[in-house]
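To start, the structure itself, in structure tokens.
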């Protein structure tokens with residue numbers, strides 16, 4: 001009788017663990033989506049330059065935090081977050097290049113990118129009126145990275161402090177979602193798309209966020225593949 005009960009308990013435990021693994025797998029798949037153009041490697045070989053456009057950023061604060069700031073302050077916060085993500089992405093590529101984990105390609109400095117966009121009166125608010133191909137032509141790069149970013153807390157410490165917000169508002173993020181794409185300048189075709197949602201603590205700044213999001217995705221990003 002003792003053996004039978006032990007076996008029964010073990011069987012139930014196995015079923016619970018199996019169910020848990022299945023649920024985690026489903027949740028993981030639902031939180032991540034990655035697309036790679038079959039010809040990305042071939043096309044990327046001819047690329048000499050890459051531009052990173054400002055990400056369209058949405059900061060979804062708690063209701064009590066929203067009450068402490070005006071609509072204008074929220075817009076400023078989102079703009080600073082967008083610039084922070086853009087700069088972190090740029091730094092991420094530079095580090096990979098320094099480590100020899102990236103093919104020979106020049107990544108355009110964000111300051112140059114912003115200056116070229118300003119000349120055409122292009123901002124984060126009206127950027128969606130332009131196609132990736134048009135934007136690549138304006139920046140004079142072979143491919144462009146575009147993206148959307150949503151977070152429940154700002155990842156940039158400077159953004160929060162600059163607006164005089166409470167220190168508890170920035171730091172660990174409850175939820176962060178990023179959807180980024182790489183488009184070819186020549187024909188505007190989509191080469192790569194990555195959509196990732198993470199929950200819980202992911203670091204203290206945008207550099208931590210980008211490192212977390214790109215850790216696995218970079219393995220299928222042609223520019224950073226080991227040749």
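Given the peptides 119-126, 72-79, arrange them by the average over their residues of other C-beta atoms within 10 Å, most packed first.
Highest to lowest by the protection proxy: 72-79, 119-126.
Just want the ordering: 215, 220, from fewest to most Cβ atoms lying within 10 Å of their own Cβ.
Listed from fewest to most nearby Cβ atoms, that is 215, 220.
Expressed in whole Å with the largest first, what are the equivalent ellipsoid semi-axes of the stretch 37-224 derived from the C-alpha gyration tensor as the square root of 5 times each eigenvalue?
Ellipsoid semi-axes (Å, largest first): 29, 19, 14.
Rounded to the nearest 0.05, what FRET efficiency do residue 212 and residue 39 give with R0 = 25 Å and r taken as the Cβ-Cβ distance? Could you check?
Between residue 212 and residue 39 the formula returns 0.30.
To make sure I understand, if each residue's beta carbon is the centre and we count other beta carbons within 10 Å, what order do 118, 96 fall in, fewest to most?
Arranged by neighbour count, lowest to highest, 118, 96 become 118, 96.
Readers should treat all values here as calculations from the given coordinates under stated rules, not as data from a laboratory. Quantities reported herein were computed from a predicted structural model and do not represent experimental measurements. Ideal geometry is used to build each Cβ from the backbone, glycine not excepted, and the neighbour counts take in all protein chains shown.
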